């Protein structure tokens, strides 16, 4: 039996084994991915937002080539019940599993439900009903994101949901501060409040996402991630053994992203908009941002990405809908099948363009090469699908009752910055 076969026999998540009993895809808990990056040191795993099948294929090929562990994800806004992508929370694991088997992908892969947003207290009960269906569909990691709410409600909602419907073996991400650039930046005190409160209730997240100065989607400025703020928060959280999840990676150049890898405890970095644009064949800069012409239109590289005829259909459709800039993401749902119906040569070049960009990020920016072997070693050390929590309880539960949480939260302002849609 090969090393891979041994890992396959013991390491796959239990829901994955049930869904795909004969599969040779190593779909694992997100916990193993986080631990592998920590063990290598100064390494970050790309969390690829699989907005279309070409992004998933390209990212998997890049990970295999780099021998890197990988996270493939879809956010609730992208692939939930109000989806704008054909890839969704209930079919993404099936697509990842199928492509892994087709391409003989042998690196460990986690399938992550990103930004499962809770925006008000009345969202909690529906979430408790819906989240189990995601794990039934093969999800192996999840981000419970109640950061839109005041700090006490964020913590209380997270406790209520995580304790009841998130399996203890699954990778877990939490969030403080909506991701919206320089407005409403997260603070050390807010991050500590969230992680300490979770700790007191025996909840030990793998990752915390912050508003550390970046934005989702297309970013026109060079404002970007605050490495110093990120580092300060990670240092404050060190004894709780929580890693960082970097959102809004598109829009930050490679030097800044290397700094995040080298100077913070970040082990997960979401890449969404850049890979979508690259798969379509648009010109992008080092920031992963699509380059615009003098009229503010995207520039399609002839002979790359989608066929010229399908791209023109996409442009016309967007114009009819009044979609510009970041709203081009809404083209994913109506055009997935048209893109899949293109000749193989064109489909392949779409995935290959993603592979090239993702491979460079894995190897040249995020230092993730050869983390696949580390993750497999960690599976052997665990002896099963669950490596257990990284941390243990050090906070006193009696100091983190609902009443005391609400009292503690009075120190924080509820002003989170401007309103808007910051879900991706």
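Nothing in this text is a laboratory measurement; each read-out follows from the coordinates by a stated rule. A quick note: this is a predicted structure, and the numbers were derived from the prediction, not measured. Reconstructed Cβ throughout: ideal geometry from the backbone, glycine too, with neighbour counts over all protein chains shown.
Values for this structure:
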item	result
Normalised contact order of region 50-90, rounded percent, pairs of Cα under 8 Å and 6 or more residues apart	41
Inter-part distance where region 7-28 and region 292-327 are each reduced to a Cα centre, Å	39
Gaussian network model of the chain, Cα within-10 Å springs - most flexible of 114, 97, 34	97
Relative contact order [Cα under 8 Å, 6+ residues apart], the chain, whole percent	24
Overall form of region 1-56 per C-alpha gyration tensor (a/c, 1.5; a/b vs b/c)	oblate
Fluctuation leader among 204, 20, 54 - the chain, Gaussian network, Cα springs under 10 angstrom	20
Of 126, 150, 14, the one that fluctuates the most in a GNM where the chain has Cα springs shorter than 10 Å	126
P(r) tail fraction, region 15-119 - alpha-carbon pairs more than 24 Å apart, %	20
Percent RCO, i.e. relative contact order, over region 225-371, from Cα pairs under 8 Å lying at least 6 residues apart	22
Estimated [θ] at 222 nm from DSSP helical runs (n ≥ 4, -39500 (n - 2.57)) normalised by residues in the chain, nearest 500	-13000 deg cm²/dmol
Per-residue Cβ neighbour rank within 10 angstrom, fewest leading, 315, 44	315, 44
Within region 12-385, percent of DSSP bridges classed antiparallel, to nearest 5	10
Where Rh is the Kirkwood radius over Cα pairs, Rg/Rh for region 66-141	1.03
